[in-house]
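S.K.: One structure, as structure tokens, below. Some questions next.
The values are calculated or read from the model by the stated rules, or taken from the named source; none is laboratory data. Note that this is a predicted model, so its numbers are computed, not measured. Reconstructed Cβ throughout: ideal geometry from the backbone, glycine too, with neighbour counts over all protein chains shown. Accessible surface is based on the protein model in full, side chains and every heavy atom, while ligands, DNA and RNA are left aside. Shrake-Rupley method; radii C 1.70, N 1.55, O 1.52, S 1.80 Å.
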Amino acid sequence: QVQLVESGGGVVQTGGSVTLSCAASGRAFSRYNMGWFRQAPGKEREFVAAISWIVYTRYTDSVKGRFTISRDNAKNVVYLSMNSLKPEDTAVYYCAADQGLAIATRAYEYDYWGQGTQVTVSS
């Protein structure tokens, strides 16, 4: 069992930066693949980025070069650093954990979810 708590959301201007954190409790955090998803009003939850337990990363095309996912296994935390933010990045951002062997990009592949943190990019 893993509990996930996101933090770091807020209101930021277009072009600005923000870093989200996801603190995990429970055993064997280092063995989990971790992902970030987002959901904008009226839209489906979409994949943003993921980092495997062997620190392989994947990103959705719209955030490549702007967002960076990282993890600190000693602190049981995964981060999402977001730069050059755009209004279309506005969404609730969710952290998720997956026990699978391969990195996952689909929401249904993840076993545990946080409550989400709102990021609003003002134009």
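S.K.: Just to be sure I understand the filter: pairs with C-beta atoms under 9 Å, separated by 6 or more residues or on different chains, first member in the stretch 15-33 and free of Cβ contacts under 8 Å to residues at least 60 places away in the same chain and buried (at least 16 other Cβ atoms within 10 Å of the Cβ), second member among the acidic types (Asp, Glu) and in a strand (DSSP E or B). Which pairs pass?
M.R.: Filtered contacts from the stretch 15-33: 21/6; 23/6.
S.K.: Could we say that residue 74 is part of a loop (DSSP other than H, G, I, E, B), open to solvent by less than 20 Å² (accessible area, probe 1.4 Å) and more than 17 Å from residue 1 (Cα to Cα) here?
M.R.: No; evaluated as a whole, the condition is false for this residue.
S.K.: Give me the residue from the stretch 34-57 that is in a loop (DSSP other than H, G, I, E, B) and within 25 Å of residue 120 (Cβ to Cβ) and, out of that set, most open to solvent (accessible area, probe 1.4 Å). Please lay out each step first, then the result.
M.R.: Looking only at the stretch 34-57, we keep the residues that are in a loop (DSSP other than H, G, I, E, B), and these are 40-45, 52-56.
From the residues that got through so far, the ones that are within 25 Å of residue 120 (Cβ to Cβ) too are 40-45.
Numbers: 40: 25, 41: 120, 42: 92, 43: 140, 44: 157, 45: 85 Å².
Among those residues, the one meeting the criterion is 44.
S.K.: Counting only residues that are in contact (Cβ under 8 Å) with a residue 24 or more places away in the chain, of a type in the set (Ser, Thr, Tyr) and not in a strand (DSSP E or B), how many does the stretch 101-123 have? Working first, answer last.
M.R.: Filtering the stretch 101-123 for residues in contact (Cβ under 8 Å) with a residue 24 or more places away in the chain gives 102-107, 110-123.
Then keep just the ones that are of a type in the set (Ser, Thr, Tyr); that gives 105, 110, 112, 117, 120, 122-123.
Filter again for not in a strand (DSSP E or B), leaving 105, 110, 123.
Residues meeting the conditions: 3.
S.K.: Can you spot a residue in the stretch 80-90 that is open to solvent by 20 Å² or more (accessible area, probe 1.4 Å) and of a type in the set (Val, Ile, Thr)?
M.R.: Yes - at least one qualifying residue is present in the stretch 80-90.
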